[in-house]
Amino acid sequence: MKKFVFVFLLLVACHGNGPTPADAGPFFFGQNGATVSWTPTSLGSTLKFWFNPATLSLNNGDPVSTWSDSSGNSCTATQSGATRPTYNTSAVNSRSGVTGSGSQYFNVASAPVITGDCTAFVAINRSTGNSGFLFGSSGGYIGHYSDNKFYFANDSGSAVSVSFTLNGNAILEMKRSSSVVSIRTSKGGSWTTVGTRSGNATPSFLFHTGFGGLTATASFGDVLLCDTVLGITDDDSTWDYLKTKYGL
């Protein structure tokens, strides 16, 4: 199998006049019998990056040159020229985000090196084509989708995969726990085991559908990466935040 670079991007953001209330929040949901307002920064130091489309102030169809990291870790996503993804006011379930196809992707500055356990979330709308990335490096990929399979590879390119259908609007969660990689698309839902793979994984690219001749088109909202397996409270809160924000 080819060594691939990466992954899907995201972006539920703002219009030229600022984000709509549905995109920008705040987002309130029930938790432990109370109504709370929560954002991913509540996850603390385990949050390695968070790309939030509501930080973008662009018009529909504008190319996205810079996407700032909202985690506070300065993992800025950048691109130039024709390889820039575009801002889309109806990217994921009619919420704003980023759309890319062909060779469009982002480079991620100061990308964290994931040495062990991790959790990742992405709001996505997979449109056409059979192959594309979530996030990864020049040698591996934390997430790659191809021919109805989901792949995970470390930086050396050693990969595991599982048959998995991903169509339309979805929230995708991926975790690596004691080297076992699993994915799911619903809060509290059953995990699908991808396989067992240890080794460093470095998300230095965001959203790459054109590397190696890939042709997928996909749109993205929030993208989050943590360097632990989230506990049930933090995991549920992240799901509630994304489900409320994207109406999924």
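Only the coordinates and a few stated rules stand behind these numbers; no lab work does. Because the structure is a prediction, the values reported are computed rather than measured. Neighbour counts run over all protein chains shown; Cβ positions are idealised from the backbone, glycine included.
If you plug the beta carbon distance of Leu166 and Asp236 into 1/(1 + (r/R0)^6) with R0 = 25 Å, you get a FRET efficiency near 0.65. Label separation (Asp147 vs Ser198): 3.0 nm, computed from points 7 Å beyond Cα along the C-beta direction. Evaluating 6.51 cos²θ - 1.76 cosθ + 1.60 at θ = phi - 60° for every residue in segment 84-100, the Karplus couplings come out as 6, x, 10, 6, 9, 6, 9, 7, 10, 6, 6, 9, 5, x, 10, 10, x Hz, glycine and proline recorded as x. The peptide list 108-116, 151-159, put in order of mean Cβ contacts within 10 Å with the highest first, becomes 151-159, 108-116. To the nearest 0.05, what FRET efficiency results for Thr115 and Ala82 with a Förster distance of 25 Å applied to their C-beta separation? Computed FRET efficiency for Thr115 and Ala82: 0.10.
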